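The values are calculated or read from the model by the stated rules, or taken from the named source; none is laboratory data. Everything numeric here is computed off the predicted structure, so don't read it as measured data. For neighbour counting, all protein chains shown are included, and Cβ atoms are generated from backbone atoms with ideal geometry for every residue, glycine included.
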Amino acid sequence: MAQHFLLSAAARTLSLKAIYKAGEAAAHETFCKMRWPETDGEAVCPECGCFETYKITTRRKFKCKACLRQFSVTSGTIFASRKMAFVDLLAAIIITVNAAKGVSMVQLSRDLDCQYKTAFVLAHKLREAMALEVHTGEILKGHVEVDGAYFGGHIRPANVKADRVDRRKKEHQNGRRRVVVVMRERLGRTLPVVTMAEAEGVALVNENVDRMATLSADEASHWDMLHAGWEVDRVNHSEVYSDHGKHTNWAESYFSRLRRMVVGQHHHVSPRYLHQYATQAAWLEDKRRESNGVLAHGLVANAMGCPVSRAWKGYWQRSA
Ligand SMILES: [Zn+2]
């Protein structure tokens, strides 16, 4: 029987052990190489683009010879004004990419021995960096499956049976439930969007799927509208999961990962952050056959190309 990819040596090319053994200088160099790949890690002034810089080695900073501005490898990126050591940052990244179902921020704070607030913002910044590869704005092509699933807004049933209500009715819900609609290319990209109702998925398909694509959807009646624009395979899940190749199993695999992430790691998700978890699950799903070294370096490179975060920079200062 074929071995599962994650059990193979090819899946493990970077480890926490290696990161800490190599030390802070090596971690800093990794960030430099990802930030400035065109000069193989030699600093380039983010202000004027000058290649000539002084190195202020003691503080791991640079000073531009042309405009005299001081900057660091993370200036102007999502990790701007970071206080964490580069080894710890790299450790956070390897822990994140190793976790196939994500990792809770409490667990990350314990692994890194940092405050919960630090881990919370760091994890969300990494998700923002992942989003660059998930929400690319490119149209989905080929065979695309579309499906929706509910997350959040759980209502606990009352203790005494006589007090219990019909939790399916709108008046008994708390307004925190959302639908994740996913559009997923077979053998390709996964694009999740958080909506209020699954029927909004029709408009999302109109925006994001190529007119020449073939679609797959389940029996839900709102997908009937898709037949006007596309060839659509339908599968009735109340009868069968796969009907001679007609199925939405790629979409279901994605939901399986996101469901386990929410139930097993985050336990509760606020509608405010659901899109971030949905993005992370899509990123992990699309890169499930990459080694952890490739994933970690890719994530550093994304983070270095990701501008200062509007949502997460100074998050706790604002909310305090
Ligand atoms: Zn400059």
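Considering only segment 30-57, state which residues are more than 15 Å from the ligand (Cβ to nearest atom) and in a loop (DSSP other than H, G, I, E, B). Matches in segment 30-57: ASP40, GLY41.
Residues being surrounded by fewer than 19 Cβ atoms within 10 Å (Cβ to Cβ) and closer than 23 Å to SER270 by Cβ are entirely absent from segment 221-240.
Could you check segment 130-152 and list, in sequence order, the residues that are hydroxyl-bearing (Ser, Thr, Tyr) and over 18 Å from the mean Cα position of the chain (by Cα)? Correct list: TYR150 only. The single condition among (1) more than 19 Å from GLU252 (Cα to Cα); (2) surrounded by 15 or more Cβ atoms within 10 Å (Cβ to Cβ) that GLU200 does not satisfy is (1).
Does segment 27-47 contain any residue that is touching a residue at least 60 places away in the same chain (Cβ under 8 Å), more than 17 Å from GLY305 (Cα to Cα) and surrounded by 12 or more Cβ atoms within 10 Å (Cβ to Cβ)?
Yes, some residue in segment 27-47 is touching a residue at least 60 places away in the same chain (Cβ under 8 Å), more than 17 Å from GLY305 (Cα to Cα) and surrounded by 12 or more Cβ atoms within 10 Å (Cβ to Cβ).
Here are some residues: ALA66, ALA80, ALA85. Which one is in contact (Cβ under 8 Å) with a residue 24 or more places away in the chain and over 30 Å from GLU285 (Cβ atoms)? Don't jump to the end; show me each part of the working.
Numbers: ALA66 fails: in contact (Cβ under 8 Å) with a residue 24 or more places away in the chain; ALA80 fails: over 30 Å from GLU285 (Cβ atoms).
None of the other options fit; the residue is ALA85.
The set of residues in segment 58-87 that are out of contact with any helix residue (DSSP H, G or I) (no Cβ under 8 Å at 6 or more places or on another chain), away from the ligand (no atom under 16 Å from the Cβ) and assigned to a loop (DSSP other than H, G, I, E, B) comprises ALA80, SER81, LYS83.
Would you confirm whether any residue within segment 124-146 is on the phi < 0 side of the Ramachandran plot, of a type in the set (D, E, K, R) and touching a strand residue (DSSP E or B) at 6+ places or on another chain (Cβ under 8 Å)? The answer is yes; a qualifying residue exists. Tell me the residue from ALA99, ALA129 that is more than 16 Å from the ligand (Cβ to nearest atom), crowded, with 20+ Cβ neighbours inside 10 Å and under 21 Å from ALA27 (Cβ atoms), please. The match here is ALA129.
Given the condition surrounded by 11 or more Cβ atoms within 10 Å (Cβ to Cβ) and over 30 Å from MET212 (Cα atoms), answer yes or no: does some residue in segment 135-144 qualify? No, every residue in segment 135-144 fails to be surrounded by 11 or more Cβ atoms within 10 Å (Cβ to Cβ) and over 30 Å from MET212 (Cα atoms). Looking across segment 256-272, just one residue is more than 23 Å from ARG288 (Cβ to Cβ) and within 15 Å of the chain's Cα centre (by Cα), and that is ARG272.
Suppose we filter segment 156-192 for residues that are among the basic types (Lys, Arg) and within 18 Å of HIS247 (Cβ to Cβ); how many remain? So that I can check it myself, show each step before the final result.
Start the filter on segment 156-192 by keeping residues that are among the basic types (Lys, Arg), which leaves 156, 161, 164, 167-170, 176-178, 184, 186, 189.
Filter again for within 18 Å of HIS247 (Cβ to Cβ), leaving 184, 186.
Total meeting the criteria: 2.
Any chance segment 159-172 includes a residue that's touching an Asp or Glu at 6+ places or on another chain (Cβ under 8 Å) and aliphatic (A, V, I, L, M)? Please lay out each step first, then the result.
Of segment 159-172, the ones touching an Asp or Glu at 6+ places or on another chain (Cβ under 8 Å) are 172.
After this cut, where a residue has to be aliphatic (A, V, I, L, M) as well, the list is none.
Checking segment 159-172: not a single residue is touching an Asp or Glu at 6+ places or on another chain (Cβ under 8 Å) and aliphatic (A, V, I, L, M).
Criterion applied to VAL194, VAL144, VAL181 was being over 30 Å from TRP312 (Cα atoms), in a strand (DSSP E or B) and modelled with pLDDT of 95 or more, and the one residue passing it is VAL144. Just one of the listed residues (GLY188, GLY175) is farther than 30 Å from ARG288 by Cβ, of a type in the set (Gly, Ala, Ser) and not in a strand (DSSP E or B), namely GLY175. ARG12 fulfils the conditions (1) in contact (Cβ under 8 Å) with a residue 40 or more places away in the chain; (2) within 16 Å of the ligand (Cβ to nearest atom); (3) loosely packed, with under 15 Cβ neighbours inside 10 Å except for a single criterion, (2). When segment 88-123 is filtered for residues that are of a type in the set (Asp, Glu) and assigned to a helix (DSSP H, G or I), the ones remaining, listed by number, are ASP88, ASP111.
Taking the condition modelled with pLDDT under 95, surrounded by 12 or more Cβ atoms within 10 Å (Cβ to Cβ) and of a type in the set (Val, Ile, Thr), does VAL121 pass? Spelling it out, VAL121 is indeed modelled with pLDDT under 95, surrounded by 12 or more Cβ atoms within 10 Å (Cβ to Cβ) and of a type in the set (Val, Ile, Thr).
Yes/no per residue for (1) of a type in the set (S, T, N, Q); (2) not in a helix (DSSP H, G or I):
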site: ALA251; (1), (2): no, no
site: TYR254; (1), (2): no, no
site: ARG259; (1), (2): no, no
site: VAL262; (1), (2): no, no
site: GLN265; (1), (2): yes, no
site: ARG272; (1), (2): no, yes
site: THR279; (1), (2): yes, no
site: GLU285; (1), (2): no, no
site: ARG288; (1), (2): no, yes
